[in-house]
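One structure is given below, encoded as structure tokens.
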Amino acid sequence: QVQLVESGGGSVQSGSSLRLSCAASGRAFNSLTMAWFRQAPGKEREFVAIIGWSAGVTYYQDSVKGRFTITRDNAKNTVYLQMDSLKPEDTAVYYCAAEQTLAIRPSREAFGSWGQGTQVTVSS
């Protein structure tokens, strides 16, 4: 099992930026595929971005392409989500997820380890 702790959420205005961080422990970080999901009130948890163990592969939900960037620092056991040009519809609890796999599968079912979530609120 992997322990994940997110940070960096907050309340911002439309057009602003935030950077989320997720610190991992418990498994060799460079063997983990990492992802970010989000869940808005009354909605199901949805995929946002994913990054492979080597950081050479990334994939995004269409609505965040060009605005969000997922990166990882294997030396710090941390994955990041840089969120620019935020919109009110980005408001949600953001969750970090991890799985020891080489596969890149942007679905909840592919991940067995989850963080506690961090709230992002974007006002217009």
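The values are calculated or read from the model by the stated rules, or taken from the named source; none is laboratory data. These numbers come from a predicted model, not from an experiment. Glycine also receives a Cβ, built like all others from the backbone with ideal geometry; neighbour counts cover every protein chain displayed. Areas reflect the complete protein model, heavy atoms only, side chains present, ligands, DNA and RNA absent. Shrake-Rupley method; radii C 1.70, N 1.55, O 1.52, S 1.80 Å.
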Förster radius 25 Å - calculated FRET efficiency between residue 116 and residue 14, Cβ distance, rounded to 0.05:
0.45
Taking the Cα centre of the chain as origin, work out the dipole magnitude from +1 charges on Lys and Arg Cβ and -1 charges on Asp and Glu Cβ, in debye rounded to 20.
120
Under-5 Å amide H pairs with residue 91, H placed in peptide plane, nonlocal only
122
Using modelled amide H (1.01 Å from N, peptide plane; none on Pro or chain starts), what sits under 5 Å from the amide H of residue 77, excluding residues fewer than 5 places away?
none
What would the Debye equation give as log₁₀ I(q)/I(0) for the chain at q = 0.11, 0.13, 0.16 Å⁻¹, counting only Cα atoms as equal point scatterers?
-0.32, -0.44, -0.68
Would you work out what percent of the accessible area of the chain, with all protein chains in place, is carbon or sulfur (probe 1.4 Å)?
47
If we count every other residue with Cβ under 11 angstrom of residue 90's Cβ, Lys/Arg +1 and Asp/Glu -1, where does the sum land?
+1
Largest first, how would 114, 36 line up by accessible area (1.4 Å probe)?
114, 36
Cut-off 10 angstrom, C-alpha nodes, Gaussian network model of the chain. Which of 104, 70, 51 fluctuates the most?
104
Which of 75, 103, 24 fluctuates most in a GNM of the chain (C-alpha springs under 10 Å)? That residue is 75
Sequence-distant or interchain residues sharing an amide H contact under 5 Å with residue 113, placed H: which?
98
Solvent exposure of segment 51-124 as accessible area per residue, Å², 1.4 Å probe:
50
Potential extension, residue 54-residue 84 segment - 0.36 nm per residue separation minus Cα distance:
8.4 nm
Highest-MSF residue in the chain out of 99, 89, 44 [GNM, Cα springs under 10 Å]:
44
